[in-house]
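Read the figures in this text as sums done on the coordinates, not as results from a lab. Predicted, not measured: the structure shown is a model, and the values here were computed from it. Here the Cβ is made from the backbone with ideal geometry for all residues, glycine too, and neighbour counts use every protein chain on show.
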Amino acid sequence: MKRIIFLLLSIFLLSGCSPKPSGPQTLTVMTHDSFAVTDTVVQAFEQANNAKVTFIKSGDAGAMLNKAILSKDSPLADVLYGVDNTFLSRAVAADIYEPYDSPALKIIPVEYQLDATKRALPVDYSDVCIIYDKAYFATHNLPIPQKLDDLTSSQYKGLLVTENPATSSPGLAFLLATIKHFGDSDYIGYWKDLRQNGLVVVDGWETAYYTNFSGSTGKGQQPMVVSYGTDPAAEVMFATTPISDSPVASILGPDTCFRQIEFVGILKGTVHRALAEKFVDFMLGQKFQADIPGQMFVYPVLPNVTLPDAFVKYAQKASQPAVLAPDVIAANRDAWIQAWSDAVLK
Amino acid sequence: MAGFTQHEDRRTQNADYPAAITASWVNRLFLWFLPLSFLVVFFFYPFFRILAYSFSIESLKLPNLQLAFHVLIFTVYQAVLSTILTLLIGLPAAYLFARFDFRGKTLLRALTLVPFMLPTVVVAAGFNALLGPRGWVNLGLMQALALESPPIPFVGTLSAILIAHVFYNTTIVIRIVGNALSGLDPKLEQAARSLGADSRRVWWNVTLPLLRSSLLAASLLVFLFDFTSFGVILLLGGPAFATLEVEIYIQALQLLNFPVAALLAFIQLLCTLAFAIIYSRISTRSNVQSAPRAGGSNIRKPKARLERVFVTGMLMLLISFFILPMLALPLRSVSRLDADRGQHGTVRVGLTADYYDELFINRNGSIFYVPPVQAAANSLGYAGATVLLSLLLGFPAALALAKPRRLERILDPILIIPLGASAVTLGLGFILAFGHWLTYPWLVPLAHTLVALPFVIRTLQPALASIPDRLRQAAISLGASPFRVWQTVDWPILQRATLTAATFAFTISLGEFGATILLSRPDYPTIPIAIYRFLSQPGGLNYGQAMAMATLLMALTTAGILLIEKLRLPGAGEF
Amino acid sequence: MLELRDIYKTYEDQPLLCGISFALTAAETVCLLGASGSGKSTLLKLIAGLEMPDSGKIMWEGQDLASTPAHSRDFGLVFQDYALFPHLDVFDNVAFGLKMKSWSYVEIEKRVNEVLSLVGMNNFNHRKVTDLSGGEQQRVALARAIAPRPRMLMFDEPLGALDRALREDLLYQLRGILRRTHIPAIYVTHDQEEAFTIADRVLMLHSGRIVRAGSPAEVWTSPGTAWAAEFLGLGNVIEGNCRSRNERLKMWNISTTFGRFDVKCAHKHEIGDNVHLLLRPAQIEGGSVVRGLVVDVLFQQDRFKAVLENSLYVYVQKPPKIGQMITVRVAVKCLG
């Protein structure tokens, strides 16, 4: 019996150390679960570089970062995509990346290049906003809220659902937006007012959007949900019967949206550095950036990229999104979440 | 008379092969080797590596200990409540299936197993459709009583958590206790009645004591599942509730606060060990040889008025509890799901097969598109591997446990631990310990087996322990070789238990989500993962496809269970 | 005491019991004798109240038991496979019925020891029942049934699972116990020897009816029907045809394939009727003559059984040779 186990283990060990074939190299890219790309786009890269690209999907951004940190001594992949600005400082401080000054960075707007050491390079961004159900507001003759303070008004009592920042990325984003707007000392007061005004909190985006939100197919009770500014486009593109007007829209007041930026980086210790660099360039290049909106429903960082029609028509981003520096977020995140829990949940 | 006893004792020794095999400790070590090494390599090693990595003096700071204490209290509290409720519904249901025959019995019994393997996301959707603020019950009540707002709060309450737990776990009680119940000799009850015991006293003095070991096994499994509950708490309980597992998830994966996560994981492990030891102590004392019947001759159509009331009542309860919430899914998968358009046009309602069609179209050309047939095939492949692996590992362990000695008393609790340990922690431990091998497909059934193994053992062991030597002795005295003895005496009785064990392993694997999402390659998704992917983007098409996949999963599971149950040799019995 | 009137019962849409009626008087042991599957066990279950008859009445001392549930009928049951409670030891098994009647602990202890002595299991109080041998288990089962002083005892093939020597031993002990305790009993079996040993009266059950009732001696002498004679193994049952009648001796001359016999017949026959005859195997003086070629000779302890070529068998003292022609004189009885 022992011998069989030993034999099996040896086989697995050996297969892990198989000599590299003289054929195409394999590049491994670790991403979060929301990553998506058109097969032809990836195939173009593979053909151009005589390479094979394998993707490892690793849960949400937090789980993925954990995986990368835990395995950093013998990295599971060559490239890591999906760390966002709320996790950026943690990721860089954990020293999982190798810096790479990609030539593409020259054309990408400075506001997205949050990592000066060029370890994490920006790929896409989107805004977490409050999405509202147009039909509900129309039928009830309610004015649409224009700013954060409006949400505490009694005419909107019980009409907003948000997610727990401890378990949900959009939930955290919205919390950060309020912190940016009201400041470290006053945001708790705001949330207490929200709570008084019948705020509904759930743990995950799926529950909020598909169960609580009235504007989606779940037909829930809340006509306002903390979600993504690109949802209006998604609702049109994924409608059961073709529609010409989105049933939902975003509230785009000052600091009502929080900008999330997602980054890619080459993992420290990779043995395919050259190929990894090419892949990063590829991700920051025209073809991939143009593919992003239709697949992941986020905006490309590269300027002058042609966006799909539906996107242009329906997706919304804020002109004044709330932004917080990544290291500030990293330093205070736990404390903020704890304070929020105490104020809202207990 | 003394002469006879001696003679029979000698025969008994030869006939009692579990005792013979386990008499020698070398043999027992062999029996234990396979399952134990599996556990050591795939559970203890990664788990303790991650604990060692994360634990620091930080962990023991007072605020952390306080947090841990609070969370622990709630976790135990809701688990105890859920277990009691599950038993309250599960016991009569087990009795219903074990004793009565009625139309649609096989189907209903298969359907009660379906919730067990549905991803929580899907269950939450089903319950919401039934009991949510705009669910059928509330809408119905609002109309009937002309109410302004939905009278029954559901999501975000403790009741939601409890109800969902009962929904998930009742099948464990039905299967394990029902198995034992249908194996009871009806003559025992007849004897009791002739001695003056009315139905209540028969139940209390004869039936229940004989069910003790299966009741304990079922209760422990249910409790551990409730103890480690994660998805239900998140999706139906909401942010106001946190069990240990949820808190570990938040601390580790969202706050990246490893020391606190390690503390919580460690506490969870200790608690599981404590429960397992307690269970182990109680259960070895209640193993009773009760000559289980391979046949289901106990089963009859309900005749007396009381019986018919019971059967009808239980059927109504089971259907409304188990079937209704799940009806929402197939219904939604074929109804047009459009968002309200208000003044912009009327919403079209009606039936459609669009979502099923859409499943087969890769509209986006996404590289990660997997045709549903392949997702189903992946799911079934993993499930099959899990069944084989867990039976292979479970039999020797169950055999060793059938005649427990001191070694077993120590090892037994260890087998239960993976069931109560933090899945998130284990997942992280896998990354740390096995890094590169994470993308090998066979890791997935291995992870599934870790969860399924305790079920398999708990189901096989009472069966193995309860075959009385007398039956084997009779076969031997008729000239049967040991193999024939096993084939004609043990196997018919074991077959039922094996089928139950295989069914458990099958459904656990089909519905497993947490470990799978951590370990699987994106090109080998299982159906639960596919469902989850659809639900992480807005849009009617996405939601509809999620519902369609969920319906497919339900259909696949039901078919699988029915198939397993049909695979019975004649004479193997009803349950 | 016990009276059954016109009991009918079907089983899976087939008729099982078709009009069973009999009565039990005080302190007698009645044996229900019949083939396997003839409905004997079902009849016991009906009497015990574990199942309900389709029609008919079961009465105890004139009172209809239909409204009395099984647990109140106070009839003891002893099964073939003992049905001892495996989770209780010997003492608790025997004490079960007494606990149900809420006896005090002192009374229970006294009574349990009493009945255990009665069945010869005095020192077994705290043994696990699963450790006992078959004979020991059956005696505990008997003690358990007797302990609560039931109004009647019912035995469902209680000795079927035991080997021969044990069976005989227990049977005799059982007979003694029943005599001593004066409890009326119904004993169900398919074994004729058992029935005749233990019963005061025998009821033979066939095709759902009681075809013969009487004391063992009566039934032995006059089995009544061909089936009964065959079932009891009384001898050779053959068919014959009535040829002529001798009015003076009240005898019929019946022709069979084995010869012509003059038989006294109690039944009314016409010439040409088919009848069944019983040829007892024991030789008697003045019996009818039977001739045959011996094809087999079997040793049977105190006699020999000679099987003739026409498949008749007779008992002889000295073993004939195979192939020999022998002539014997046997009793021939008309069965109707």
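Using a Gaussian network model on chain C with a 10 Å cutoff between Cα atoms, which of C:GLN63, C:GLN300, C:GLN283 fluctuates the most? Result for chain C, Cα springs under 10 Å: C:GLN300 fluctuates most. Scaled to the globular estimate 2.2 N^0.38 Å, the Cα spread of the stretch B:132-235, given as radius of gyration, is 1.59. When you count the other C-beta atoms within 10 angstrom of each residue and take the mean per peptide, B:300-308, B:424-432 line up highest first as B:424-432, B:300-308. The spacing between the stretch A:243-301 and the stretch A:18-95, judged by their C-alpha centroids, is 14 Å. Taking R0 as 60 Å, what's the FRET efficiency between B:TRP437 and B:TRP136 from their Cβ-Cβ distance, rounded to 0.05? Efficiency, rounded to the nearest 0.05: 0.80.
When the inverse distances between all different Cα atoms of the stretch B:153-203 are averaged and flipped, the Kirkwood radius reads 13.8 angstrom. Across all directions, the shadow cast by the convex hull of the stretch A:9-165 built on its C-alpha atoms averages 15.1 square nanometres. With the helix formula -39500 (n - 2.57) applied to DSSP H stretches of n ≥ 4, chain A reaches a computed 222 nm mean residue ellipticity of -10500 deg cm²/dmol.
Simple point charges give the picture: +1 on the Cβ of Lys and Arg, -1 on the Cβ of Asp and Glu, and for the stretch C:235-334 a dipole about the Cα centre of about 260 debye. As an exercise, identify the trypsin sites (Lys or Arg not before Pro) in the stretch C:234-295 lying in DSSP coil whose Cβ has no more than 12 other Cβ atoms within 10 Å. When the trypsin sites (Lys or Arg not before Pro) of the stretch C:234-295 are filtered for loop state and at most 12 Cβ neighbours within 10 Å, C:ARG248, C:LYS250, C:LYS268 remain. For the protein assembly as shown, the Cβ-based charge dipole about the Cα centre amounts to some 4400 debye (Lys, Arg positive; Asp, Glu negative; other atoms uncharged).
Distance between the pseudo-spin-label points of A:GLN196 and B:ARG308 (7 Å out from Cα toward the beta carbon): 6.2 nm. Taken over the alpha carbons of the protein assembly as shown as equal point scatterers, the Debye sum produces base-10 log I(q)/I(0) values at 0.09 Å⁻¹ of -1.11. Reported value for chain C: 173 Å³ per residue, from the convex hull of its C-alpha atoms. Across chain A, Cα pairs under 8 Å and at least six residues apart give a relative contact order of 26 percent. Kirkwood radius for the stretch C:1-122, taken over all pairs of different Cα atoms as the inverse mean of 1/r, rounds to 16.6 Å. Springs between Cα atoms under 10 Å define the GNM used for chain C, and in it the highest mean-square fluctuation of C:VAL294, C:VAL94, C:VAL188 occurs at C:VAL294.
Taking the Kirkwood radius as Rh and the Cα radius of gyration as Rg, chain A has a ratio of Rg/Rh equal to 1.02. Taking Cα centre as origin and charging only the Cβ of basic (Lys, Arg, +1) and acidic (Asp, Glu, -1) residues, the dipole magnitude of the stretch C:2-224 rounds to 440 debye.
With unit charges on the beta carbons (Lys and Arg positive, Asp and Glu negative) and the dipole taken about the Cα centre of the stretch C:2-224, which residue among C:GLY134, C:LEU50, C:LEU2 sits farthest to the positive side? Positive-end residue among those listed: C:LEU2.
Structure remark: mean-square fluctuation, Gaussian network model of chain C, C-alpha springs under 10 Å; the largest value among C:GLY160, C:GLY176, C:GLY259 belongs to C:GLY259. In chain C, the DSSP-assigned H stretches of four residues or longer account for a calculated mean residue ellipticity at 222 nm of -7500 deg cm²/dmol, using -39500 (n - 2.57) per stretch and the full residue count as denominator. Averaged over peptide C:126-133, the number of partner chain Cβ atoms lying within 10 Å of each residue's Cβ comes to 3. Along its three principal directions, the equivalent ellipsoid of the stretch C:235-334 from the Cα gyration tensor extends over semi-axes of 28, 13, 11 Å, largest first. With Cα atoms as the point set, the stretch B:381-484 shows a radius of gyration and Dmax of 17.9, 58 Å.
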